[in-house]
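The values are calculated or read from the model by the stated rules, or taken from the named source; none is laboratory data. Please read these numbers as outputs of a predicted model, since none were measured by experiment. Positions of Cβ are generated from backbone atoms using ideal geometry, with glycine treated the same way; all protein chains shown enter the neighbour counts. Accessible surface areas use protein heavy atoms only, side chains included; no ligands, DNA or RNA. Shrake-Rupley method; radii C 1.70, N 1.55, O 1.52, S 1.80 Å.
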Amino acid sequence: LKSTGKGAIILPHGVLFRGNKEADIRRELVRRGYIKGIIGLPPNLFYGTGIPACIIVIDKENAHARKGIFMIDASKGFMKDGNKNRLREQDIRKIVDVFTHQIELPRYSRMVPISEIADPKNDYNLNIPRYIDSSEPEDMHDLNAHLNGGIPNRDIDALGAYWKIFPTLRDELFQENGRPGYSDPRVEAQQVKQTIVDHPEFSTYADSVKDIFVVWRDAHKPLLMSIGVGSNPKQIISTISEDLLQRFEDIPLLDKYDVYQRLMDYWNETMQDDLYLIVSEGWRDAAQPRAVIEDKERKIKESPDLTIGRKKYKMDLLPPVLIIARYFTAEESNLQELQVKADEATQALEAFIEERTGDEGVLEDATNDNGKVTKGAVKQRLRELGSDPELADERKVLEQCLQLIELESAAKKAVKDTQAKLNKKVMAKYAELTEEEIKTLVVEDKWFASIGAAVESEVQRVTQRLAARIKELQERYAEPLPQIEQEVEECAAKVEDHLKRMGVQWG
């Protein structure tokens, strides 16, 4: 590297602590101030090895004035991807943000002074765990609570981030139990989550998060509506994702990088392909249906979004469900009602057959070669019975079964016919849509609706985390030792009583 040069090298962790000549090289690099930072990565990222690696960032510019090395332990931020681990978008973005702005975060990043590294106890060893303890705090059990009951207030106080946002929720969930430093639950463990969700302070919090999303949505709606041939999708996602990160910067209980990940997941799964399609073909052409691709040689068989007769269609940009939700709600409601009736007819038929098949069942002789009761098999059995008065009961059951089969068939046909009519209406609507209507359907009903639902799910995770911890504490201290001992004594007395009645000596 030249005097102002910069470089980043991926290496195994061994270079951070091995001795001999490597220690000499490492010591000299640190003394000269060439190492700007070290980033520890998760294990099993690279093919061919499962060992963790690190990124050593070299920066010779202003090296003489460097007083420390910025270290990041990013070893816990990853997702499983098959038999390997993979950095998520949020993991990469967090590493970049923290390193770029030299942000010190507990158990994640720290500016380590050169003097600490050079101290004899460290002797220029750069192994990250020496300087950053990334382990989670130990969840300590309270022996007093195990012996005498109650939930330790210190465990409840540890949830202070939640009580700061929901100040009256704590009193709704816990009450003092008479012993200083301990509380009893007011709500059953199974009802904790619902109690949180129904609390007005949580509703206010959820609405505030939604308001931030709405402001972000409204700010970028003009940009997304103005996309056209020649637009730059990468620049668009960079703009809207950067703004999302900034808007969720100071939202309590929510990690802005989790919200960012939700957007990037949707971008990678759906939105990216949509934008490139629009940029390539324009809104109207991109929204039009196309024939499904079925190529046996390449083993490609797409599932259709819409079927008209024998023709199968795929809608890449504008799925039929969005058309139906905006323009054909009455037809969809009617179809759902018919489907409910068809399901009820199927359930009635299955219950009727189940009660009358098996050993010596009335319908046992009305089955086909596969053991199924079918319309043809029932009719065949009726012909065999003829008009014999002694078989009137069996004939009555068969006629009832035949009637239920026909009712199910008619209900399913009604669903099929109604679905076919709706499909034709939807197909015809594609040709009628204006470009503005297509933009509204895609931007508002598809993109923003999906991202909004994803952000809302992050809010729901807040309740899940709080409820899970409270439930864990309740179950941990639910049965104090005296109660367990009493239950053991009662069970032992019952066993002894049973043994005495059986004439067995116990002693």
Handout entry: Filtered residue count, segment 172-198, keeping only those that are open to solvent by 100 Å² or more (accessible area, probe 1.4 Å), over 26 Å from the mean Cα position of the chain (by Cα) and within 25 Å of Arg461 (Cα to Cα)
Key = 2
Exercise for the section: Kindly indicate the residue of segment 241-256 that is assigned to a helix (DSSP H, G or I) and in contact (Cβ under 8 Å) with a residue 24 or more places away in the chain and also nearest to Asn268 (Cα to Cα) among those meeting that condition. Expected result: Ser241
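Sort out which residues of segment 47-65 are among the charged types (D, E, K, R) and either open to solvent by 50 Å² or more (accessible area, probe 1.4 Å) or farther than 20 Å from Thr100 by Cα (or both), and write them in order of number.
Here is the first cut: in segment 47-65, the ones among the charged types (D, E, K, R) are 59-61.
Correct list: Lys60, Glu61.
Sort out which residues of segment 199-216 are open to solvent by 70 Å² or more (accessible area, probe 1.4 Å) and assigned to a loop (DSSP other than H, G, I, E, B), and write them in order of number. Talk me through it step by step, then tell me what you get.
Here is the first cut: in segment 199-216, the ones open to solvent by 70 Å² or more (accessible area, probe 1.4 Å) are 200, 204, 207, 210-211, 215.
Residues satisfying the conditions do not exist here.
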Practice task
Look through Lys36, Lys6, Lys84 and report the one residue that is touching a residue at least 24 places away in the same chain (Cβ under 8 Å), over 15 Å from Asn127 (Cβ atoms), in contact with a Phe, Trp or Tyr (Cβ under 8 Å, 6 or more places away or on another chain) and open to solvent by 40 Å² or more (accessible area, probe 1.4 Å).
Solution key: Lys36
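Condition test on Leu11, is it among the aliphatic types (A, V, I, L, M), in contact (Cβ under 8 Å) with a residue 12 or more places away in the chain and farther than 22 Å from Tyr131 by Cα?
Details: among the aliphatic types (A, V, I, L, M): yes; in contact (Cβ under 8 Å) with a residue 12 or more places away in the chain: yes; farther than 22 Å from Tyr131 by Cα: no.
In short, no.
Out of all the residues in segment 268-299, which are in contact with a strand residue (DSSP E or B) (Cβ under 7 Å, 6 or more places away or on another chain) and either open to solvent by 80 Å² or more (accessible area, probe 1.4 Å) or in a strand (DSSP E or B) (or both)? First the steps, then the outcome.
First, pick out the residues of segment 268-299 that are in contact with a strand residue (DSSP E or B) (Cβ under 7 Å, 6 or more places away or on another chain): 289-294.
Arg290, Ala291, Glu294 - these are the residues of segment 268-299 that are in contact with a strand residue (DSSP E or B) (Cβ under 7 Å, 6 or more places away or on another chain) and either open to solvent by 80 Å² or more (accessible area, probe 1.4 Å) or in a strand (DSSP E or B) (or both).
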Exercise for the section: Tell me, please, whether a residue that is open to solvent by less than 50 Å² (accessible area, probe 1.4 Å) and touching a residue at least 40 places away in the same chain (Cβ under 8 Å) can be found in segment 382-396. Expected result: no
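Got a sec? Which of Gly181, Gly228 is touching a strand residue (DSSP E or B) at 6+ places or on another chain (Cβ under 7 Å), more than 29 Å from Ile92 (Cβ to Cβ) and at pLDDT below 95? Working first, answer last.
Details: Gly228 fails: touching a strand residue (DSSP E or B) at 6+ places or on another chain (Cβ under 7 Å).
None of the other options fit; the residue is Gly181.
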Fill in the blank from the handout: Checked against (1) within 24 Å of Leu263 (Cβ to Cβ); (2) touching a strand residue (DSSP E or B) at 6+ places or on another chain (Cβ under 7 Å); (3) touching a residue at least 24 places away in the same chain (Cβ under 8 Å), Ile103 satisfies every condition except (3)
Handout entry: Close pairs from segment 129-150: first over 14 Å from Arg179 (Cα atoms), partner of a type in the set (Gly, Ala, Ser) and surrounded by 13 or more Cβ atoms within 10 Å (Cβ to Cβ), Cβ under 8 Å, at least 6 apart
Key = Ile132/Ser109; Ser134/Ser75
Problem - Whichever residue in segment 135-171 is open to solvent by less than 70 Å² (accessible area, probe 1.4 Å) and among the acidic types (Asp, Glu) and, among such residues, is farthest from Ala206 (Cα to Cα) - result: Asp142
